[in-house]
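Written below as structure tokens is the structure these notes are about.
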Amino acid sequence: MPHGIAPNDGHWVKLVGALIICMVVAAAITLAFRTSESVTGDRLREMENLALSLSEQTDRALKSLELVQRAVIENVSEQNITSQGELADAMGTMAVHRILRDRIEELPYVDAITIISETGKLMNFSRYWPIPVVNVSDRDYFKALSKPGGAEIFISIPVPNRGTGTMTIYLARRFTAPDGRFLGLVLGAMEQSYFETFFSAIDLGRDGAIALFRDDGAYLVGFPNLGPTGPGPISAGAVPLLGQPMREGEAAPGLLDDKSRLYSMRKLGSYPLTIVVSDSTQAVQARVLRQVIPILVFAGLICLAALASIILVQRHLLTQRRFAEAARHAARHDSLTGLPNRLNLMEHLRAALERKDEEPRLALLLLDLDYFKTVNDALGHVIGDRLLKAVAARVRETVPPGAIVARLGGDEFAILLRGVEETEAMDAARRLIAAIKTPFQLDHNRIVTGGSLGISIAPGDEAVDGAMTEGTLLQQADLALYRAKAEGRGQVRVFQRDMERAALMRRDLELDLDTAWQERQFFLVYQPVCDTQTGRIAGFEALLRWRHPTRGIVTPASFVPAAESMGLILPLGAWMLEEACLAAMSWPGDIFVSVDLSPVQLRAEGLEAQVGAALAGSGLPARRLQLEVPERTLLEEGPAALGVLEGLRAQGVLVALDGFGMSYGAFARLLSLPVDRIKIAPELTRELQTDSRALPMLRALLSLGSSLPAAPIVEGVQHV
């Protein structure tokens with residue numbers, strides 16, 4: 001027996017395990033029972049809501065038909081018709097035929113409206129003119145309504161239409177002479193197939209069914225057909241069901257069909273009809289099983305796990321040391337690439353700095369991949385992870401022997417070189433960039449990427465290097481990487497002291513920006529956009545300004561990059577949208593307002609909702625808002641940004657491509673970009689006075705924009 005484990009430890013483990021198993025079994029049974037009740041209740045509520053909705057829709061449809069019938073009857077009453085001759089003269093005209101035909105065009109479910117005399121003869125018919133010679137005195141609706149003291153309305157069972165042969169349900173309403181004598185009826189014909197098609201479009205599940213009954217039990221229509229002989233005669237099984245006071249419950253086999261069914265029924269408010277929505281108890285039980293089986297399986301797995309735990313607990317105690325070693329390794333290595341992680345790198349840096357007398361020079365290289373986010377967005381995270389593994393392997397192949405390669409997170413790697421001079425570190429960095437630029441072939445995907453590198457050297461020439469720590473070395477390399485990325489992709493920069501000063505200035509700027517936001521020092525100015533054909537102002541571009549208490553008015557180029565890096569651009573951008581939309585509401589209705597979007601706003605969630613809220617809060621029509629996206633942003637952000645812009649355009653907002661004409665990539669993808677306007681870069685406009693090639697280029701761009709749906713806008717004309 002292992003040291004430290006008492007003889008009775010196993011016994012207590014078994015007791016605890018047995019108690020856990022009993023608790024799991026009891027909980028599983030209770031949960032399964034409650035789940036069964038919940039699933040059955042949910043299905044009943046679904047059918048109840050559907051029955052209520054269908055009953056209301058059917059009631060409204062019949063009322064719409066009844067309005068037409070009442071209009072005809074009121075016309076008869078107003079003319080004080082007392083005889084069949086007067087009825088034929090008044091109702092048998094072509095004008096009445098046209099009125100009937102026009103009325104039912106608004107009711108797609110009504111096949112025809114017919115006026116019938118007291119003898120069953122057709123007096124007028126919306127479908128045909130002249131009126132065919134047909135007598136319907138043998139129909140159930142005529143017999144029911146022509147009796148003295150008969151009902152006002154009658155809904156027939158489905159019968160073949162004598163004109164078209166289609167199964168038809170008739171809604172008949174009688175009308176009388178002033179003395180109360182039966183004069184005839186107005187008949188509305190509704191094709192049974194219309195209701196079947198309407199019902200069939202509803203997802204009822206495998207055994208779900210919808211049926212429409214007359215209150216006397218006559219089955220009129222349904223989907224699927226519940227009756228063995230189809231709609232028509234009185235259903236003996238439905239009579240006791242329709243007479244029950246409960247609106248939902250379980251119908252035994254034989255009441256609706258040969259299956260036991262859960263049902264919910266709703267009577268129509270104005271007609272003797274009932275909608276019944278049902279599902280077989282077998283189908284509901286299948287739903288219950290789909291919910292309960294995972295519970296029981298999970299409970300069984302827990303019980304098995306408890307049994308396995310009883311067996312494995314002592315083995316766990318014996319392997320504790322091995323597990324601790326594995327955990328230590330996992331804590332110091334990246335799970336994806338297998339490289340040392342940040343913690344491991346810091347330990348290597350600390351150790352290397354402590355023995356710097358033996359190896360007088362250390363170089364820390366920080367590598368950040370270019371275009372990695374675009375790869376992730378376009379090809380997915382699986383390919384992105386494989387790319388990181390391939391990059392890690394290529395970096396290890398490229399660096400000198402003995403170098404430490406680590407992954408710090410995301411697409412950032414670190415390389416520690418010992419015993420190197422600055423020139424050797426630069427050579428290693430350039431080899432790395434060249435290696436990373438070589439395309440990667442992952443399955444059928446050929447991926448081109450790149451990288452930027454920042455280098456810090458220890459010790460440096462300054463006296464302060466005597467106090468160099470691993471944190472300082474990493475911070476210096478990070479500052480050098482920041483400078484490399486700011487100066488363009490694929491660059492290498494070695495840390496210089498001015499980078500620290502720049503970082504401090506950037507920090508001061510961020511603090512000033514935070515204060516400016518809190519104290520509302522930002523404001524907007526508006527630059528006009530003129531229509532060259534009319535000379536009128538077509539819109540205004542909203543330009544952000546900062547009223548600094550000591551520096552005066554500050555333009556966006558000086559502070560927007562810092563606002564983006566600290567995340568302030570998100571609330572600031574939302575404020576710009578709201579302010580610009582509110583301002584535009586005070587302008588004439590044909591003038592738009594244009595607002596710049598930052599790449600950070602495009603990457604953040606909720607931009608579409610933010611734009612919608614700004615439009616709704618101001619009342620500005622979407623067509624009067626234009627959002628400007630830099631050309632470089634669209635090319636770098638990839639499909640994710642295009643999807644956001646498609647969503648904005650779907651709201652009716654215009655999208656403009658800002659700075660167009662400065663890269664070949666935008667020309668190559670112009671047809672596929674979701675933009676409404678292109679703004680030609682002001683750099684080209686400024687060169688009109690100094691470079692003779694600028695004018696033909698500008699004309700070509702204007703011609704290109706005019707031939708596309710994207711209208712061109714020229715920036716910087718005020719400087720020409």
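The values are calculated or read from the model by the stated rules, or taken from the named source; none is laboratory data. This is a predicted model, so every value here is computed, not measured. A quick note on method: Cβ atoms are made from the backbone with ideal geometry, for glycine too, and the neighbour counts reach across all protein chains shown.
Hey, any hits in segment 627-650 for a residue that's among the polar types (S, T, N, Q) and at pLDDT 90 or above? Within segment 627-650, not a single residue is among the polar types (S, T, N, Q) and at pLDDT 90 or above.
Looking across segment 207-224, the residues that are of a type outside the set (Ser, Thr, Tyr) and outside any loop (DSSP other than H, G, I, E, B) come down to ALA209, ILE210, ALA211, LEU212, PHE213, ARG214, ALA218, LEU220, VAL221, GLY222, PHE223. Restricting the first member to segment 60-87 and to residues that are within 14 Å of ARG103 (Cα to Cα), and the second to residues that are surrounded by fewer than 13 Cβ atoms within 10 Å (Cβ to Cβ) and of a type in the set (Lys, Arg), no beta-carbon pair is closer than 9 Å while six or more apart or on different chains. In this structure, VAL391 qualifies as within 38 Å of the chain's Cα centre (by Cα), buried (at least 19 other Cβ atoms within 10 Å of the Cβ), at pLDDT 90 or above and farther than 26 Å from VAL600 by Cα. Tallying residues that are free of Cβ contacts under 8 Å to residues at least 24 places away in the same chain and either in contact with a His (Cβ under 9 Å, 6 or more places away or on another chain) or not hydrophobic (A, V, I, L, M, F, W, C) (or both) within segment 262-298 yields 3. The single condition from (1) modelled with pLDDT under 80; (2) touching a helix residue (DSSP H, G or I) at 6+ places or on another chain (Cβ under 7 Å); (3) over 21 Å from LEU367 (Cα atoms) that LEU504 fails is (2).
Residue count for segment 299-354, restricted to those that are more than 30 Å from TRP12 (Cβ to Cβ) and either charged (D, E, K, R) or surrounded by 15 or more Cβ atoms within 10 Å (Cβ to Cβ) (or both): 19. Number of residues in segment 577-613 that are closer than 16 Å to ALA650 by Cβ and among the acidic types (Asp, Glu) equals 1.
Which members of segment 441-472 meet the condition of being of a type in the set (A, V, I, L, M, F, W, C), at pLDDT below 90 and either closer than 30 Å to LEU379 by Cα or surrounded by fewer than 13 Cβ atoms within 10 Å (Cβ to Cβ) (or both)? Result: LEU442, ILE447, VAL448, ALA463, VAL464, ALA467.
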